[in-house]
1. Out of everything in the range B:59-76 that is over 23 Å from the mean Cα position of the chain (by Cα) and not aliphatic (A, V, I, L, M), what residue ends up being modelled with the lowest pLDDT?
2. Go over the candidates A:143, A:235 one by one and state the one that is acidic (Asp, Glu), crowded, with 23+ Cβ neighbours inside 10 Å and not in a loop (DSSP other than H, G, I, E, B).
3. Collect the residues in the range A:374-423 that are basic (Lys, Arg) and either touching a Leu at 6+ places or on another chain (Cβ under 9 Å) or within 22 Å of residue A:260 (Cβ to Cβ) (or both), keeping them in residue-number order.
4. For the range B:341-364, enumerate the residues that are within 17 Å of the chain's Cα centre (by Cα) and surrounded by fewer than 19 Cβ atoms within 10 Å (Cβ to Cβ).
5. Do we find a residue being more than 24 Å from residue A:130 (Cβ to Cβ), among the aromatic types (Phe, Trp, Tyr) and modelled with pLDDT of 95 or more anywhere in the range A:276-295?
6. Say we look at the range A:317-334 and pick out the residues that are under 18 Å from residue B:291 (Cα atoms), β-branched (Val, Ile, Thr) and part of a helix (DSSP H, G or I); which of these is nearest to the other protein chains (Cβ to nearest Cβ)?
7. Looking at the range B:247-295 only, could you name the residues that are surrounded by 24 or more Cβ atoms within 10 Å (Cβ to Cβ) and among the basic types (Lys, Arg)?
8. Inside the range A:260-300, can you point out the residues that are in a strand (DSSP E or B) and farther than 25 Å from residue B:123 by Cα?
2 protein chains.
Amino acid sequence: MKKYCYGICLLISITINILLSIYIYAGGENNQEISHQLSLTWSEKAAAEAEAVAAISCSGHGRAFLEGLIYDGQPVCECYDCYGGPDCSELSPECVADADSGDPLFLEPFWMQNVADSSILIPGWHRMSYRYDDYTMMSTELEYYIRKLHSIVGNAITEGRYMVFGVGSSQLLTAALYALSSENSSSPSNVLATIPYYPMYKGQTVLFNSENFEFGGDTNSWRSNNSTNNMDVVEFVTSPNNPDGELKKSVLGGKTIHDHAYFWPHFTPIPGPSDHDLMIFTLSKLSGHAGVRFGWAIIKDKDVYEKVLNYISVADMGISKDTQLRVLKLLKVVTEKDGKPLFEFAYNKMKDRWDRLTSIFSKSTRFSIQKRHPLHCNFYNETRLPSPAYAWVKCEREEDDDCGAVLEASKIVGRSGSSFSAKNRYTRLSLIKSQDDFEMLMQRLTELVSLENGSVETM
Amino acid sequence: MKKYCYGICLLISITINILLSIYIYAGGENNQEISHQLSLTWSEKAAAEAEAVAAISCSGHGRAFLEGLIYDGQPVCECYDCYGGPDCSELSPECVADADSGDPLFLEPFWMQNVADSSILIPGWHRMSYRYDDYTMMSTELEYYIRKLHSIVGNAITEGRYMVFGVGSSQLLTAALYALSSENSSSPSNVLATIPYYPMYKGQTVLFNSENFEFGGDTNSWRSNNSTNNMDVVEFVTSPNNPDGELKKSVLGGKTIHDHAYFWPHFTPIPGPSDHDLMIFTLSKLSGHAGVRFGWAIIKDKDVYEKVLNYISVADMGISKDTQLRVLKLLKVVTEKDGKPLFEFAYNKMKDRWDRLTSIFSKSTRFSIQKRHPLHCNFYNETRLPSPAYAWVKCEREEDDDCGAVLEASKIVGRSGSSFSAKNRYTRLSLIKSQDDFEMLMQRLTELVSLENGSVETM
């Protein structure tokens, strides 16, 4: 009996030995993987914080941020327009469709999908100096990726051109104006743009009440009133144009600032590379990161380049180094696979929105939108319709001379024509906001157009 | 015998079981910790990249950055001044001591020590919008921490005051000028400062050739030439002053812009909270992050506040959201334990540098530095000497009327008095650069002063 017990006990014990060994061996496989991951030390806290706040559920209609809304010491959901409640799940049925701003959130889902490749970790001691190693305030590596991007997309010549970074394209508009305008205060440069134009051109020109330049208004009016002497003009050429998406050319043929904020394949076919004296681009309408204030100017002339650079230096000693690091990371993703993933995503999103928009407006005689003309796109190597960032809506009925008011009565907020020095018979509707915003716009527009036939259609 | 074997085998087997169990149990402790760490998913790549580049050894005389010098696709060391070689270990013996710029790298070691608490991870989709949830372009949470900081340090009244963020204090200087100057272009405001003054005041004032303001030069000269009518002046009051560290007061008593870039306990005793109409601060000289372009203005008057805010909005639509997130994280560390760790570190560093500097200059009759007067510091609750960011060196010998040239002949580069509209008999030496820079400065100054006694002392 005792001998029998020894045998059983030994068998059990050996079995346990084997099981424990298997457990340890299998665990060891995991441990190896873990120990690879374990090599993170000081960065882990920041990473864990970022993941924790990103994991807060806001029902897809909001988001929590580390530096955002705080309740009881913890970040809480910031809900998108029309949504409320602690987890942003409550849709306000009477909500207004806000299509006013050019907030490019339509690209947010792309960055959600590519979050692992597009995130950065910035150590506390990162780039404390005013300057980089080469004594400039601009990252050479970032400049290299911007040139690579233009070469991939084929939308601008950068070989042999100078580049300056700015706080968004906004700052570069002023810097360019400063660089191109007269230094002779007895005859200030006339700053012009073609109606309908982006209101900031006037806003920035008049801000300082400078003796070197003054706002001259619309190019066509100016040309008819000033038959000779095109020398002292600086013309803003916005191509594609904000608000109507037209590919514009200089009207006056003098000095120009080409604002190419929207010159990307998701908004317009790219007929060929732009090769103007001073071209301005912005990250905002390329990748959708409007909150990252970053733009760049591509400049032919060395003197102009040096003036723009001097302006940025005197105005604010360059662009935050953390911003430059972030933009570099984003552009690395944008330029992956020759730009295909980002631009396919962005184009498909815009095309889908335009398809739905034109379908609604095709049922209307009261409202029309701009005509779009197919063009050959070098980037896609095929002929495509543009899909502009904004719909430029016209109220066709004679009595609807305040188109913005007509839309607002139907809970649609756009930006009135007069904001662009055009008639209020026009209103700009933004098509680049979040999917929630766009869905609300579609709903309200469908309701509005349905009224023309005297009955409200169901969605 | 067989029974004996059973006994031994069982004993061995049970022992192995016990050992394996202990191994698993001990491992399990680790596993729990590991599984906590394992929860990182999308953030891990960015964290690992940041740690990998930070781990590149540059001998303590340089640093590698993700967006910095790249060789063969990999980041490599960027060496500090005077150091070279692949790992920055080679000191150039004939190197010049560059004490020109106000690059505040003296605080870098503090952020190295506190890297885990001061780093941030920014997901690719972070804050793509132009605005925050409250429709502003400024983080409320960041504003809260700035107010908390001033309350801890006791250097500014913020209760009931407005705040505006800017791209460094640089941009706010112009914004303040814009907000305070005359709107009547027939009598532009006179912009004044007291010699010796920071050259950017003039640089920014003349940049736009504005009809609203013009640079009037030195307050004292202006007062003697313009006995009445102080109404149309805007006076920059820099306190502590750059370059000489003096706590300045308004000379003219009209409208003022108080530049408080250096009004922190490591540079000056804080006699009490500043309570002026428009005060400007910058992160650069507080935490040492000059590369992060971030400053703020504290403003009493609502109209002035709205003008400053409008300026920032028109100029560049606010400050990068990633910059604001980073500044918030840094200020959370700065305000920890009522600011003690950061300010103790910074003060001790500056005090040590001044002790060594004064020891050298005490041996000289050819060169002198500014006198420092003890003051009660409310923050430390004791009387202390100031330890300004810059030494304001005077060449005492009559023939040394170009002090900068005298220093340069001994391989010391400062910033000449004329840069501050003072005499070239003065030169500013920066004391806030990296420890390497400071050591080189000490070495060169020691050599120079030793020459006065006809022999070169050994260090």
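1. The selected residue is B:73.
2. Step by step, each of A:143, A:235 is checked, and only A:235 is acidic (Asp, Glu), crowded, with 23+ Cβ neighbours inside 10 Å and not in a loop (DSSP other than H, G, I, E, B).
3. If the condition is that a residue be basic (Lys, Arg) and either touching a Leu at 6+ places or on another chain (Cβ under 9 Å) or within 22 Å of residue A:260 (Cβ to Cβ) (or both), then A:384, A:411, A:415 are the ones that fit.
4. B:341, B:344, B:345, B:348, B:351
5. Yes, the range A:276-295 contains at least one residue that is more than 24 Å from residue A:130 (Cβ to Cβ), among the aromatic types (Phe, Trp, Tyr) and modelled with pLDDT of 95 or more.
6. Ranking the qualifying residues of the range A:317-334, first place goes to A:323.
7. Across the range B:247-295, the qualifying residues are B:285, B:293.
8. A:274, A:278, A:279, A:280, A:297, A:298, A:299
The values are calculated or read from the model by the stated rules, or taken from the named source; none is laboratory data. Quick caveat, the model's predicted, so the values are computed rather than measured. Positions of Cβ are backbone-derived with ideal geometry, glycine not excepted, and every protein chain shown enters the neighbour counts.
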